[in-house]
Amino acid sequence: MRPHAPGDAGCIRRHARRYVACVNACEGISTETLEQRGMAPIISLEQQRDELLAALKKIDQFGFAMGMAECQRLAQAAIARAEAA
């Protein structure tokens, strides 16, 4: 995004739109957390989601071939990683 030029209404609208999008995206995250950790909480949640989804897809695709014990191990490992984060 280019810097604001005085009197540039288009630039002001773009910045305002960006500010609103940022506030909406950060709903539920305290200002203190954002000041201390930036976007790390959001990135961490996306990584957790991706890992859990990958484990579920693997269980769904190969569950019968892997057997119940391996499915359970895979699920428990994914859950443990999510809980540790």
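The values are calculated or read from the model by the stated rules, or taken from the named source; none is laboratory data. Remember, predicted model here, so these are calculated numbers, not experimental data. Quick reminder, even Gly has a Cβ in these numbers, built from the backbone with ideal geometry, and neighbours come from all protein chains shown.
Given segment 8-83, what helices (runs of 4 or more DSSP H) lie entirely inside it while holding 3 or more residues that are surrounded by 11 or more Cβ atoms within 10 Å (Cβ to Cβ) and either at pLDDT 90 or above or not polar (S, T, N, Q) (or both)? The qualifying helices (runs of 4 or more DSSP H) are 9-25, 40-66.
Of all residues in segment 34-59, those that are farther than 16 Å from residue 83 by Cβ have Cβ atoms under 7 Å from Cβ atoms of residues that are of a type outside the set (D, E, K, R) and outside any helix (DSSP H, G or I), 6 or more apart or on another chain, in 34/26.
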